[in-house]
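The values are calculated or read from the model by the stated rules, or taken from the named source; none is laboratory data. For clarity, every value in this text was computed on a predicted model and none was experimentally measured. Please note: Cβ atoms are built from the backbone with ideal geometry, for glycine as well, and neighbour counts cover all protein chains shown.
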Amino acid sequence: MPEKKRKLLWHIFPSFLLIMVVSLSVVTWYSTGFFREYYLVNSETDLTTQGTLIRREMFGHSQDRVNEICKEIGRLTQTRVTVVLPSGRVIGDSFGRVLEMENHRVRPEIAAALKGDKGVSVRYSATLGQKMMYVALPMESRGRVSAVVRTSVSVSNIDNEIRSVQKSIVAVLVVTALAAAGVALLVSRRITRPLEEMRAGAQGFATGDLTRRLAVPDTEELSLLATTMNRMAERLDEKIQSAETRTMELEAVLSSMKEGVIAIDLNEEILMVNRAAAGIFDSPAEGLTNRNVVEIARNYDLQQFLNKALASHDSVEEDILFTGRREHVFNIHSTALCNSRGGRMGTLVIFHDITRIRRLETMHKDFAANVSHELKTPLTSLKGFVETLQDLNGEEVLEKRSKFLTILEKNVNRLIALVDDLMVLSKLERKEGVVPVFDPEALTPVVNTALSACKCMAQKRGIVLHAAVSDAVSALMDPLLMEQAVVNLVNNALKYSEPGSEVSVEGGEEEGYAVIRVVDSGPGIHKEHLPRIFERFYRVDRARSRDMGGTGLGLAIVKHIVQYHGGEIRVASTPGKGSVFEIRLPLA
Amino acid sequence: MAGNLQKEINKIKKNILSLGSMAEDRFKKAVHALKTNDTTLAREIIASDVEIDELEVEVEEECLKILALYQPVAIDLRFLIVVVKINNDLERVADLAANIARRIKTVSGTGTGQYRYDYAPMAEKTGLMLKMSLDALVGMDADMADRVILMDKEVNEMRNQAYDAMKTAILKAPEQVGQTINLYLISRHMERIGDHATNIAEEVIHLIRGKIVRHGI
């Protein structure tokens with residue numbers, strides 16, 4: 001329970017009051033004391049003087065006469081005079097009856113006077129019911145004290161006076177206390193008003209408004225404080241600004257990275273995730289922090305990897321297959337995450353999408369294997385038939401030569417076609433990266449030349465070739481290359497169409513592109529093959545394709561040509577109904 | 001005290017989800033092995049079933065420990081009960097995946113004229129059910145769980161189709177009856193996996209809505 005805080009006023013006011021009360025009391029005590037002392041000394045002097053005078057007056061008178069003189073002086077001066085014999089008997093008194101008065105020998109002033117000195121005493125008189133001052137003087141005759149003359153006066157007055165003074169001082173004290181309260185209030189206000197303003201300003205700092213500045217009060221201490229706080233706010237503002245800038249830079253770098261980045265702590269809870277990584281897990285980047293990785297990526301291999309990464313201090317690397325909407329292979333790489341004191345905080349995982357690289361790798365491997373295989377097949381058959389021809393005797397040679405030579409020719413043609421295609425491909429590949437400059441060429445002549453090249457084959461297979469190309473359209477292209485692309489597409493269409501069916505070539509302008517479309521009504525291509533048919537040596541049906549004399553490179557060449565032109569090749573196919581190949585080129 | 005309970009529950013959540021991803025992984029591998037006739041992968045799946053069993057026991061013991069130590073109430077209690085049940089379902093899913101892997105050995109004969117059945121669509125649907133039921137658990141998504149329950153009928157229908165196809169196949173080639181029966185059993189296993197996914201979805205609904213929706217009540 002925290003101590004209850006008091007207002008500054010209540011700290012100041014009591015001390016003010018205390019100072020007032022103490023100083024007033026001291027002054028009162030001292031002044032009344034001094035006053036009383038002065039009064040008493042004065043009274044004593046008066047009484048001594050009177051006593052000395054009366055002593056002379058009394059000298060030599062009878063006892064009765066003494067009493068009368070006493071009464072007379074008493075009536076005239078209001079001073080009480082008493083005459084006492086050494087025995088203690090009172091023989092004269094201004095106000096009391098002599099006979100009734102008790103023995104005065106033991107009174108301190110008289111005892112002192114009997115010894116020959118002046119006796120002074122202040123005490124309460126039972127006779128008069130008042131506080132009195134007594135001064136006793138010895139009356140000496142022939143060396144001995146014959147009587148004592150005592151004069152006395154009431155000192156009650158002084159006490160009453162002092163009491164009334166004290167009363168008025170108490171009244172003054174109350175007034176001063178009120179004044180002190182007022183002054184304390186004023187002073188505390190004066191001190192607290194700038195403090196209050198500074199507090200409001202500091203609260204502004206606390207809530208993050210570091211641009212405002214505190215007003216500097218006119219007190220030296222407070223102004224120092226205010227300046228220091230202003231400087232602090234300034235520094236803080238700079239620090240926060242730079243930290244924010246850094247965070248934003250980091251954020252920008254991370255979110256623009258193509259690689260997925262995830263930081264997790266030791267409990268596998270996500271500390272940070274960038275947009276690419278969130279995309280890998282098919283979830284929005286917001287709201288992923290503090291969630292467990294398992295909740296977002298339910299991938300067993302990834303979990304195994306994270307366990308390994310969190311257990312080791314070195315970085316770990318692995319290739320992991322993600323089967324989400326599409327299959328992706330990621331090369332994931334972990335680095336230990338340490339805090340500023342070097343303690344382990346978690347791990348940082350970077351996801352690098354290597355799906356494409358993997359596919360290219362396989363394609364290259366396949367290509368090498370395919371090329372050697374494609375070359376080997378006709379060569380083996382050539383070798384076989386050449387050897388057989390050599391072994392034949394005269395009669396058989398005549399009989400079988402022409403048949404064998406036809407086979408040899410067919411294989412040699414296949415080899416030539418394959419090598420030609422490979423050369424075209426490599427030529428096209430060499431052109432990759434070079435930005436070509438094309439002249440505008442009309443579509444019609446290109447398509448017509450291509451069709452006349454295919455006419456022979458169309459007739460042989462009994463297929464009707466149609467062409468519908470609008471004359472007005474021209475595209476930026478190399479006419480020889482484009483001819484080859486169209487020939488390849490039409491040849492394919494002819495090869496796979498049934499005799500008696502139709503193959504049509506359409507040309508025109510669509511959506512800002514020059515479009516050449518080859519439509520057949522062949523067996524069509526199954527969906528799973530569509531993404532791969534433009535790969536080299538990819539064949540939907542290997543046996544059939546080779547029977548037809550294909551090299552397996554036709555579509556790859558078409559794709560390369562179209563890409564070289566900055567265009568696009570598309571294919572749509574329905575199994576059993578036919579296929580449509582579409583070349584899109586930039587308009588002239 | 002409350003903080004500790006939450007920590008323990010988070011741990012349980014993590015464990016049940018890793019169990020889920022393990023089961024999902026096993027099923028995917030089994031389907032892959034079935035598609036590619038990969039008997040090595042099938043053997044791996046069967047051998048690694050022990051891991052799942054161990055994790056299942058661990059999760060159950062954790063749940064019992066929390067129940068005894070903290071005596072949780074309301075959503076926490078429901079969550080733990082649901083985890084115990086889902087735990088069981090997931091272990092069964094992994095078992096069934098291992099069973100599919102066992103069938104692969106007997107149906108992967110290369111004999112000509114052997115009857116083949118394309119399980120890809122059924123496997124896809126079942127896998128989707130399993131994935132969606134776990135997604136519903138992660139995202140506390142009762143609507144998704146509802147959809148999983150609806151999908152169960154489709155998987156059952158696919159099993160019936162497989163049954164009819166097998167029947168005609170057996171009549172055509174009675175000498176291969178053993179293999180064909182094994183092939184049919186795969187559809188049974190997949191259908192059972194779909195049932196377990198449905199169970200998980202029902203538990204998720206129970207967890208979210210606090211209402212037990214089992215047995216079509």
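Within the range A:300-318, restricting attention to residues that are in contact with a helix residue (DSSP H, G or I) (Cβ under 8 Å, 6 or more places away or on another chain) and among the acidic types (D, E), the residue that is farthest from the other protein chains (Cβ to nearest Cβ) is A:E318.
Quick check on B:V82: is it assigned to a helix (DSSP H, G or I), within 14 Å of another protein chain (Cβ to nearest Cβ) and either buried (at least 20 other Cβ atoms within 10 Å of the Cβ) or touching a residue at least 12 places away in the same chain (Cβ under 8 Å) (or both)? It is false that B:V82 is assigned to a helix (DSSP H, G or I), within 14 Å of another protein chain (Cβ to nearest Cβ) and either buried (at least 20 other Cβ atoms within 10 Å of the Cβ) or touching a residue at least 12 places away in the same chain (Cβ under 8 Å) (or both).
Each row is one residue, and each column tells you yes or no for (1) over 27 Å from the mean Cα position of the chain (by Cα); (2) of a type in the set (S, T, N, Q); (3) assigned by TED's automatic domain parsing to the domain that holds A:V273; (4) more than 16 Å from A:A276 (Cβ to Cβ).
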site	(1), (2), (3), (4)
A:Q304	yes, yes, yes, yes
A:V316	yes, no, yes, yes
A:A336	no, no, yes, yes
A:S340	no, yes, yes, yes
A:R344	no, no, yes, yes
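Checking the stated criteria, B:K105 turns out not to satisfy the condition of being over 25 Å from B:A165 (Cβ atoms) and either within 13 Å of chain A (Cβ to nearest Cβ) or in contact (Cβ under 8 Å) with a residue 60 or more places away in the chain (or both). Only one of the numbered conditions (1) more than 31 Å from the chain's Cα centre (by Cα); (2) within 14 Å of chain B (Cβ to nearest Cβ) is violated by A:H373, and that is (2).
Restricting attention to the range A:387-415, the residues that are exposed (fewer than 12 other Cβ atoms within 10 Å of the Cβ) and either within 30 Å of A:D319 (Cβ to Cβ) or of a type outside the set (S, T, Y) (or both) total 10.
Each residue in the range A:322-360 was checked for being among the basic types (K, R) and either in contact with a helix residue (DSSP H, G or I) (Cβ under 7 Å, 6 or more places away or on another chain) or at pLDDT 85 or above (or both), and 2 pass.
Note on the range A:525-537: residues that are assigned to a loop (DSSP other than H, G, I, E, B) and either at pLDDT 80 or above or not aromatic (F, W, Y) (or both) amount to 6. Can you tell me which residue is nearest to A:A276 (Cα to Cα) among those in the range A:233-254 that are of a type outside the set (D, E, K, R) and in contact (Cβ under 8 Å) with a residue 24 or more places away in the chain? Among residues in the range A:233-254 that are of a type outside the set (D, E, K, R) and in contact (Cβ under 8 Å) with a residue 24 or more places away in the chain, the one nearest to A:A276 (Cα to Cα) is A:I240.
Quick check on my filter: what residues within the range A:368-410 are assigned to a helix (DSSP H, G or I) and polar (S, T, N, Q)?
Once the filter is applied, which keeps residues that are assigned to a helix (DSSP H, G or I) and polar (S, T, N, Q), the range A:368-410 yields A:N370, A:S372, A:T377, A:T380, A:S381, A:T388, A:Q390, A:S402, A:T406.
Restricting attention to the range A:249-299 and to residues that are crowded, with 21+ Cβ neighbours inside 10 Å, within 14 Å of another protein chain (Cβ to nearest Cβ) and of a type outside the set (A, V, I, L, M, F, W, C), the residue that is farthest from the chain's Cα centre (by Cα) turns out to be A:N299. If you go through the range B:58-73 one residue at a time, do you hit one that is in contact (Cβ under 8 Å) with a residue 12 or more places away in the chain, surrounded by 14 or more Cβ atoms within 10 Å (Cβ to Cβ) and within 14 Å of another protein chain (Cβ to nearest Cβ)? Scanning the range B:58-73 turns up at least one residue that is in contact (Cβ under 8 Å) with a residue 12 or more places away in the chain, surrounded by 14 or more Cβ atoms within 10 Å (Cβ to Cβ) and within 14 Å of another protein chain (Cβ to nearest Cβ).
For the range A:1-44, give me each residue that is of a type in the set (D, E, K, R) and either in contact with a Leu (Cβ under 7 Å, 6 or more places away or on another chain) or outside any helix (DSSP H, G or I) (or both). Listed by number, the residues that qualify are A:E3, A:K4, A:K5, A:R6, A:K7.
From the list A:S121, A:S146, A:S156, exactly one residue is in contact with a Lys or Arg (Cβ under 6 Å, 6 or more places away or on another chain) and either assigned by TED's automatic domain parsing to the domain that holds A:D46 or at pLDDT 80 or above (or both). Which is it? The match here is A:S156. Considering the range B:22-47 alone, what residues qualify as being in contact (Cβ under 8 Å) with a residue 60 or more places away in the chain and within 14 Å of chain A (Cβ to nearest Cβ)? Of everything in the range B:22-47, those that are in contact (Cβ under 8 Å) with a residue 60 or more places away in the chain and within 14 Å of chain A (Cβ to nearest Cβ) turn out to be B:M22, B:A23, B:E24, B:R26, B:F27, B:K28, B:K29, B:A30, B:V31, B:K35, B:L41. Look through the range A:567-588, keep the residues that are within 24 Å of A:K431 (Cα to Cα) and at pLDDT below 85, and return whichever of them is nearest to the chain's Cα centre (by Cα). Within the range A:567-588, the match that is nearest to the chain's Cα centre (by Cα) is A:L587.
Scanning the range B:27-64 for residues that are at pLDDT 90 or above and farther than 25 Å from B:K131 by Cβ gives B:E61, B:L64. Taking the range A:45-135 as the region of interest, the strands (runs of 3 or more DSSP E) fully inside it that hold 3 or more residues being out of contact with any Pro (no Cβ under 9 Å at 6 or more places or on another chain) and touching a residue at least 60 places away in the same chain (Cβ under 8 Å) are A:80-84. Taking the range A:554-588 as the range and being within 14 Å of A:Q484 (Cβ to Cβ) and among the hydroxyl-bearing types (S, T, Y) as the test, only A:Y564 passes.
Here the range B:9-20 is the region considered, the condition is being in contact (Cβ under 8 Å) with a residue 40 or more places away in the chain and buried (at least 19 other Cβ atoms within 10 Å of the Cβ), and the residue that is nearest to the other protein chains (Cβ to nearest Cβ) is B:L17.
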